[in-house]
Amino acid sequence: MRNRKLPLWYQLEQSLRSEILTRQFAKTGRLPTEDQLAKRYGVSLVTVREALRCLEEDGMIVRRRRFGTFVRPEVYDHNELKVLGSVETIVSQQAIDETQVLERKKIALPEELKTLFGSVDKVFFFRRLRSKKGTPHNYALNYVIPEFGSRIRSTELRHSSMTQVLHEIGAKIVRMDTIVEARLASPEIAQLLDVPILSPVLYQVGHAYDGSNRLVDFARIYYRGDRYKFIVNMAFDHKHPPRRFSLKSTP
């Protein structure tokens with residue numbers, strides 16, 4: 001856990017946060033005592049108390065005198081981010097969010113996206129913050145081709161997902177490719193999602209294609225790690241055994 005560049009209490013707080021989010025204390029809901037944590041991590045009681053204070057301020061734990069320290073039940077109240085191969089499923093799970101449209105404008109296509117969009121040189125850019133019961137849950141950036149982006153109004157996105165709005169204005173999305181990876185929240189993402197800097201988040205990159213294999217919408221979405229879990233369902237075809245494949249890793 002030791003990193004000389006970061007305060008010990010912060011390192012301990014991040015370590016405990018990770019254990020909470022990965023449900024290490026889910027069985028009893030109770031954290032080790034302050035003395036146990038101090039011995040386990042080789043730090044002082046002052047360091048332990050500061051780490052616990054930060055977790056309590058963030059709503060992760062509740063400290064009950066003479067009873068102990070407990071994970072708040074709502075921390076484990078995750079939404080499910082499902083990948084089931086169905087566009088309709090993606091639409092239905094996104095549409096329940098309360099959405100604040102932070103930005104809508106036409107921009108020059110960013111350099112890193114030019115190979116994805118082909119001959120398109122401008123796109124409509126949307127920034128949205130989606131919440132539930134006033135708590136930010138995810139932050140989305142969308143790049144939509146002008147044919148459809150120019151027809152999307154901010155008011156339409158307040159109660160519907162981007163995929164649903166695209167469908168309603170005539171974009172025939174037939175395929176969605178998705179990549180999900182774990183990241184640490186940057187200062188900007190942390191502020192938007194109301195989480196501490198370097199908190200774990202799920203980062204999703206989505207590509208929505210029409211019937212001619214044209215990229216219609218490119219999305220980057222950041223999900224709070226304490227509000228979502230990632231689920232993948234797989235079906236096996238025993239009549240056609242899978243081919244060998246290589247597992248790619250990123251540097």
- Sequence-distant residues sharing a close amide H with residue 31 (under 5 Å, placed H): 69, 70, 71
- In whole Hz, with x marking every Gly and Pro, tabulate ³J(HN,Hα) for region 108-121 from phi via Karplus 6.51 cos²θ - 1.76 cosθ + 1.60, θ = phi - 60°. 5, 4, x, 3, 6, 9, 5, 5, 7, 8, x, 7, 5, 10
- In whole Hz, with x marking every Gly and Pro, tabulate ³J(HN,Hα) for region 210-226 from phi via Karplus 6.51 cos²θ - 1.76 cosθ + 1.60, θ = phi - 60°. 9, x, 8, 6, 8, 6, 9, 9, 10, 10, 10, 10, 10, 10, 4, x, 8
- Message: Under the rule of at least 5 residues apart or a separate chain, name every residue whose amide H is placed under 5 Å from the amide H of residue 137.
- Response: 130, 131, 132
- Can you list the trypsin sites (Lys or Arg not before Pro) in region 1-52 that are in a DSSP coil and have 16 or fewer other beta carbons within 10 angstrom? 2, 4, 5, 23, 27
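For a footprinting-style exposure proxy, rank 60, 162, 176 by other Cβ within 10 Å, fewest first.
Working: 60 21, 162 25, 176 18.
Ascending Cβ contact count within 10 Å gives the list 176, 60, 162.
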- Message: Could you derive backbone 3J(HN,Hα) for region 130-141 from the dihedral phi with the Karplus parameters 6.51, -1.76 and 1.60 (θ = phi - 60°), listing whole Hz in sequence and x where the residue is Gly or Pro?
- Response: 9, 10, 9, 6, x, 9, x, 10, 7, 10, 10, 10
- Query: Considering amide H positions built from the backbone, and no H for Pro or chain starts, which residues 5 or more places from residue 199, or on another chain, come under 5 Å of its amide H?
  - Reply: 185
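None of the figures in this text is laboratory data; all of them are computed from the coordinates on show. All values reported here derive from a predicted model rather than from experimental measurement. Reconstructed Cβ throughout: ideal geometry from the backbone, glycine too, with neighbour counts over all protein chains shown.
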